[in-house]
1. Can you tell me how the range 355-453 classifies by the Cα gyration tensor, rounded, prolate or oblate, using a/c under 1.5 as the rounded cut?
2. Relative contact order for the chain: what percent, with Cα pairs under 8 Å and sequence separation of 6 or more?
3. Rounded, prolate or oblate for the chain? Axes are the square roots of the Cα gyration tensor eigenvalues, ordered a ≥ b ≥ c, and the cut-off for rounded is a/c under 1.5.
4. Return the long-range amide H neighbours of Tyr289 (sequence gap of 5 or more, or a different chain), with a cut-off of under 5 Å between placed amide H atoms.
5. Can you put Arg380, Arg158 in order, fewest other beta carbons within 10 Å first?
6. State which helices in the chain qualify, where a helix is a whole DSSP H run, it must extend 24 Å or more along its own axis by its Cα atoms, and its mean Kyte-Doolittle hydropathy must be at least -0.5.
7. Would you mind checking which residues have amide H under 5 Å from Lys185's amide H? H placed 1.01 Å from N; only 5 or more apart, or other chain.
8. Amide H to amide H under 5 Å from Glu93: which residues, 5+ apart in sequence or cross-chain, H placed 1.01 Å off N in plane?
Amino acid sequence: MNNFEEIYLNNIKPKDWINPKPKKIYDLIIIGAGTAGLVSAAGAANLGASVAIIEERYFGGDCLNYGCVPSKGLIEYSKKMKVLKEFKFPVKEEYFKDAMSEMRKKRSIISENDSVHRFKKMGVDIFWGKGYFNSENSIICDNVELFFKKAIIATGTRPFVPKIPGLKRFLTNETIFDLNYLPKKILILGGGPIGCELGQVFNNFGSKVTILEKNDRLLHKEDAEASKILMNKFIEEGINIETNVSLEKIEENIAILSNGKKIEFDEILMSVGRLPNTDINLEKAGIEYNERGILVNDYLRTTNKKVYAAGDIAFKYKFTHTADFTARIALQNALFFGKKKASKLIIPWCIYTSPEIAHVGEYENEYTDVIRLDFKENDRSILSNNEGFLKVIMRGNKIIGATIVHNFAGEMINELSVAIKNNISLSKLSSVIHPYPTNSDLIRRAGDKYNSKKLTPLNKKILKFILKLNH
């Protein structure tokens, strides 16, 4: 174990940790030390509340340990492999080990922000162990009963693994970042964001990748045109895609598909959905839940008036940034009689493939208008060989959504998120000066295109008349 790995493990779960003596009653107890839990704990502690947080596994949750941080670390490193391929240099197997080592080093650095020691310094009491509700206002952890005035559940989700005949050994997002070798052939079950991102990563490193998707396209919840562009890119890069198919059974290292095809693999990655972590005696606290998670109202309050929930366990959009902002809502509503509504959140997201696919707000439908531009019309994108498109979804003169396909889509979507959040029209964006040449200047040009559409024949006649008067 290298020094960085030791630092990382000491940050997320120190070996010698001893649970503190609990206070008589806490202003706030949080179950789960992922993004939502840590944001809640930091916010409450900084406001002077007495806070306890209970964690069964690791501080930082999915995002730090086996989600956003490690996956994006590998994505960035794999882009170097793609460049090597483009210039006809060999991609060696040891580069994958180098990438994993570099990812772990960066994860160690990032873990300082989520570390046990940082939260202890804030005054948060940290309890390791499984937390179970014992009553409407108490939780048992490590055979000790903790009492609360208010609580926030932030237990998150875990990978769903379907029952498949012959399936004995598999990877999920919780284990794939522990690989110490590069699989020659990897089979990915599920063409959602995780499957697509990691599929492209392993293909860049030289694995033979096959993605199985039960729907008729990858990323079936995203814009259809965006999905088609990504699928074509994957095929061009040598990724095998099987759509409208299911995995029937496995015989040793052979996957037998519903369409009769047989796919050989060294490793199989399960990325077909998530299950909520609700096994914490919710019934004893009078908290209702279902197969999708804990039931909450718009204020993120559960059916127990003293208990709120935030993050993946209770919210439709399962992203780190939504866990952050739902935690802020739950905290304010729990401790300060707030009336913040989760439905008011404007939530952008990005799938970090190449090209990236970013979206915010609504998708186009028969009741919307669309302003669409290709990045091949943008000078910076031409110069940097970036292709894709921008779609701004309109209802009347109001921006209600946007989709961007581009290698920097995740950065560019923010301008449109600000516009939607603050009710800024596309006409106003057309008057914002962007540096030349930049990719985001296409957003300004979308404003120009929208303005030109408003120039009706009647408006043109009026303008011509005004021009004559001026002469």
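1. Prolate, since a/c reaches 1.5 and a/b exceeds b/c.
2. Rounded, it is 13 percent for the chain.
3. Oblate, since a/c reaches 1.5 and b/c is not below a/b.
4. Result for Tyr289 returns Leu295.
5. Arg158, Arg380
6. Length and hydropathy pass: 68-86.
7. Here Lys208, Asp266, Glu267 satisfy the definition.
8. Counting only residues 5 or more places away or on other chains, the set is empty.
Quick note: the coordinates plus some simple rules give every number you see, no bench work behind them. Here the structure is a predicted model, which is why all the values come from computation and not from measurement. FYI the Cβ positions are ideal-geometry reconstructions off the backbone, even for glycines, and counts take in every protein chain you see.
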